[in-house]
Each structure stands twice: as C-alpha cells, then as structure tokens.
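Heads up: the structure comes next, in structure tokens.
The values are calculated or read from the model by the stated rules, or taken from the named source; none is laboratory data. What you see is a predicted model; the values in this text were computed from it and never measured. So basically every Cβ, Gly included, is an ideal-geometry build from the backbone, and we count neighbours across all protein chains shown.
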Amino acid sequence: MRERESGRWKRVMCLVAAFCGGFILPAVSVEVSAADVPAAEGTWSIEGECTDGEGVRLGGVEVEVFLRIRFAEPGEPVCNTTSDATGRFRIPDLPVRSIHARPEHSYYVVARSPGRTSAVRVVESGSARPKLLEMKLRDRPGQVSGRVTDSAGKPIAGAIIAAIPIGAHPCAAIMAAESDADGRYSIEDLEPIGPSAPARPGGPVLARFLRVYHPDYPITVATVTETPQVLDVTLRPGGRLEGRVMDAATGRPAEGVTVIAKGLTTRADAFATTNRDGEYRFQLLPDAYAIRCDAEERTCVPLVGIDVQEGATQAAADLSLIEGALIEGVVENAATGLPATVDSTGRVLSITLRGPAFPQTIGAVGSAAVQADGTFRIRAAPGLNQVYPGLGIRAVSITPSGTLDVKEGERVGVRITVNLPEAK
C-alpha cells in the first residue's frame, strides 16, 4: 500500500514540477542513483533518533530520505527505513559532494508515525558530516482541513496542499494532502499551532504557511493560525507571463535555464525552465514581478516591474545571458592568516554578491562557495558591485574596499579577511 501511495505522490509531484517549469508534460517516474548526483565524492551515512520530544524513544517510526539536487527541481525519494526498538535509525551509502560544491544538493529526512506530528530535518551535502539527528514526533498533532474551490465556488480535485516545500516543490510525504473530487482535504500531522497549543520549548508555533499546488493555477499560499482549523482555499486563475532567454555570447536561445519570477508585493517565488527555443512560461497571481535567470558561467540583469493581470498574457522582453566580469578572490582567517573555508559548525563559507544582477529591489543576492584553498569566484554584471561574506561572518577588511566598478570580460581580484567564531 505504501509503495502504491508513494508512486501516486511521485507522479503528482512530477506533474507539479512540469507546471512549475512552465510547460505541462506527461507525468514520469524518475529513479535517482549515485550517477545522478553531480561531483559525488564518496558516501556517508545519516544516523538519527526518533523521540516524542520529551526524551521517550519511539520504535517503528517510518523514516524516508528525499534528494534535492537543484532548488527548482522536485525532491526524489531515495531510500526509507524504520526506527528500531531504541528509536535509532541509520541510512548508509548516501552520495556526498565536496563541502565546497554548489550548496543546492541536500537531503531531506522525514519521519512519520500515526497519531503523532511528523518531523523533517534538512542535511546539506555541503556541510560537515551530520551529527545524530533528533526527530521529534509529538503526540496530539495539529489538524487542518477544508475545501479547495475556484473563484466560482466549484470544487478543485487533485490540488496538493503542503506545509513543507522541498526547494520549489511540495514534500508530499508529510504534512500534506490531496484534494478529492469534492475539493476536500485534511492534514493531520502538523505541529499544534496557535496560542492555545501545548507548551513546547521555545514557545508555541503561532502560524504556518500552507502552499497549494495545481497545474492549472498559480501556487497559492494560505495561513494556518490555530489548530484544529477549517481553512478553505480559493484558487484564482491568475495571469500568464511569457518570455525568452538568449545567450549573448553565442547569439542563440538558452535551453535548460532556470528562470525565477519574484512578486514585488507578495515576495513569492515561482520557477520555470526554458525549452529548446529559450522560451519560458509562468502562471502567476496578479502582481508586479522581477524576472531573472540562473545559468552556469553566465549572469544577467533582471527585468523588474513586469505587471501580470488576472486573465491576461504578458510578454516580457528577452532576458540576456552575458559572461559579465569574473570576481575572484581569497578569504583569510584574521586570527591565523590561513585560508578560511568553513565556520565553527563545519559549514562551508560563502561570498555574497550585490549589484546590477542582484539589485536591492528583487530581494535576492548572488552567492559563491569558498573553495578548500580559501578561494572563490563569482560572475557579476557590469557596473557597481559589492562582495562580502555570507552566513553571518564578519569581515575585518575587504581589499579593494567599497564598491567594485566592473566591466564585461574583466577579471577582478579581491582579498577578504574575516573573524571566525570559535567552535562551541
């Protein structure tokens, strides 16, 4: 039964992925193996312990691992196991990338047990070897139910209502439901929500967002403010945004490029992937949007302020991929003078970019991982740019200081000295 259910969810998730990619494609199943993981460098194991949140260990808990290779792609189930009588579980032989690789390759570990809250932990392949994961599955879970309809009040079947996203897509394994023929759904494994929820360390959860996915409608966000709660959701048709991405270096359409649309009011992100003609398509809620794209060894200046109206199709100007300037540098530890590569938790350091490709108005920044020798490289659009350390690391000095006025095809060197907190 579980295998059939997992397969059904996988087909729905792939259909959602096709929608988010801008084009409705046949649903397919994808098997993920070590060969699918870029730059794999050996394997590791993830070990954990399932408890009730009060220290009582739970046996017989179903644990499943999902792999996310790219943010804009759906997570795929790779393996599952069950906690033993002591609550422990171990998942061996997971491919691991270098900690200095692009930090999008992550494992999502989810745990579920009937009558309890479900739990999820994210383990980045770009981090140090994970410690023992504590999966807390509390009793008295929160419940939310309701009905999904269109603007005319007609029920919508096949909508996925999910509390946990894997990248840009839903995690359908926990805290999720699919609407039936009458549009009804019920999620029964949430952490209790609201001021009257049972006391928990850190205080009660006051709200949780649910995302509603359906291939014929824009992704819609609903807010749970207490449990139990009846939460009806109306899906609006939205408007269509279409455009094309061109590679300025080759003069040809750019295929397989991730395009990101961010609502300037809602701040919500949507993702699409270009086809062989460089074309992309979004179904979006009414708002003004910033459109940008992400491609290897390229950068671009986003389009900002594109208005999308309900029921209308908006054609965007071409997005142009350019080589830009290459900012290269080294990061040093102020205390030792040695290359700085990871923080006190073993997480790889990153360098943040702000400039024409990532203006303040779009609420996004560029990022590059620091390599094992302390070096980094990041592409920037021509104009005034700033680079600085990410992840809460304080820079003692950046040379040259201030903004960098870079030009197309230029290579610019930067030296960054940082203070690294000591490991606790």
| task | For the range 277-300, enumerate the residues that are charged (D, E, K, R), at pLDDT 95 or above and over 26 Å from Pro165 (Cβ atoms). | result | Asp277
| Residue that is farthest from the chain's Cα centre (by Cα), among those in the range 227-260 that are surrounded by fewer than 20 Cβ atoms within 10 Å (Cβ to Cβ) and of a type in the set (Ser, Thr, Tyr) | Thr250
| message | Test of understanding: among Val144, Val212, Val148, which residue is under 23 Å from Arg121 (Cβ atoms) and of a type in the set (A, V, I, L, M, F, W, C)? | response | Val144
| task | Starting from residues that are not in a strand (DSSP E or B) and not aliphatic (A, V, I, L, M), keep the ones in the range 132-149 and report whichever is surrounded by the fewest Cβ atoms within 10 Å (Cβ to Cβ). | result | Arg140
| field | Residue pairs meeting the criteria (Cβ under 9 Å; at least 6 apart or on separate chains; first more than 22 Å from Arg116 (Cα to Cα) and in contact (Cβ under 8 Å) with a residue 40 or more places away in the chain, in the range 165-187; second of a type in the set (Phe, Trp, Tyr) and outside any strand (DSSP E or B)) | value | Gly167/Phe71; Ala168/Phe71
| query | What are the residue pairs meeting all of these: first residue in the range 242-259, first residue closer than 13 Å to Ala272 by Cβ and at pLDDT below 95, second residue among the hydrophobic types (A, V, I, L, M, F, W, C) and not in a strand (DSSP E or B), Cβ atoms under 7 Å, and 6 or more apart or on different chains? | reply | Val257/Ala295; Thr258/Ala72
| Does the range 309-328 contain any residue that is outside any strand (DSSP E or B) and touching a helix residue (DSSP H, G or I) at 6+ places or on another chain (Cβ under 7 Å)? | no
| query | If the Cβ limit is 6 Å and pairs must be 6+ apart or interchain, which residue in the range 348-359 that is at pLDDT below 95 pairs with which residue that is surrounded by fewer than 21 Cβ atoms within 10 Å (Cβ to Cβ) and of a type in the set (Phe, Trp, Tyr)? | reply | Thr352/Tyr388
| When both residues are 6+ apart or on different chains and their Cβ atoms are under 8 Å apart, which pairs have a first residue that lies in the range 303-326 and is more than 30 Å from Arg411 (Cβ to Cβ), and a second that is surrounded by 16 or more Cβ atoms within 10 Å (Cβ to Cβ) and polar (S, T, N, Q)? | Ile306/Gln314; Asp307/Gln314; Val308/Gln314
| message | Criterion first (of a type outside the set (S, T, N, Q), in contact with a Phe, Trp or Tyr (Cβ under 9 Å, 6 or more places away or on another chain), within 30 Å of Leu420 (Cα to Cα) and at pLDDT 90 or above) does Val308 satisfy it? | response | no
| Complete set of residues in the range 150-164 that are crowded, with 18+ Cβ neighbours inside 10 Å and either part of a strand (DSSP E or B) or out of contact with any Lys or Arg (no Cβ under 8 Å at 6 or more places or on another chain) (or both) | Ile156, Ala159, Ile160, Ile161, Ala162, Ile164
| query | With the range 350-424 as the region, which strands (runs of 3 or more DSSP E) entirely inside it contain at least 1 residues that are in contact with an Asp or Glu (Cβ under 6 Å, 6 or more places away or on another chain)? | reply | 375-380, 383-389, 411-419
| message | Here's a check for you: in the range 261-293, which residue that is outside any loop (DSSP other than H, G, I, E, B), free of Cβ contacts under 8 Å to residues at least 60 places away in the same chain and under 20 Å from the mean Cα position of the chain (by Cα) is surrounded by the most Cβ atoms within 10 Å (Cβ to Cβ)? | response | Tyr289
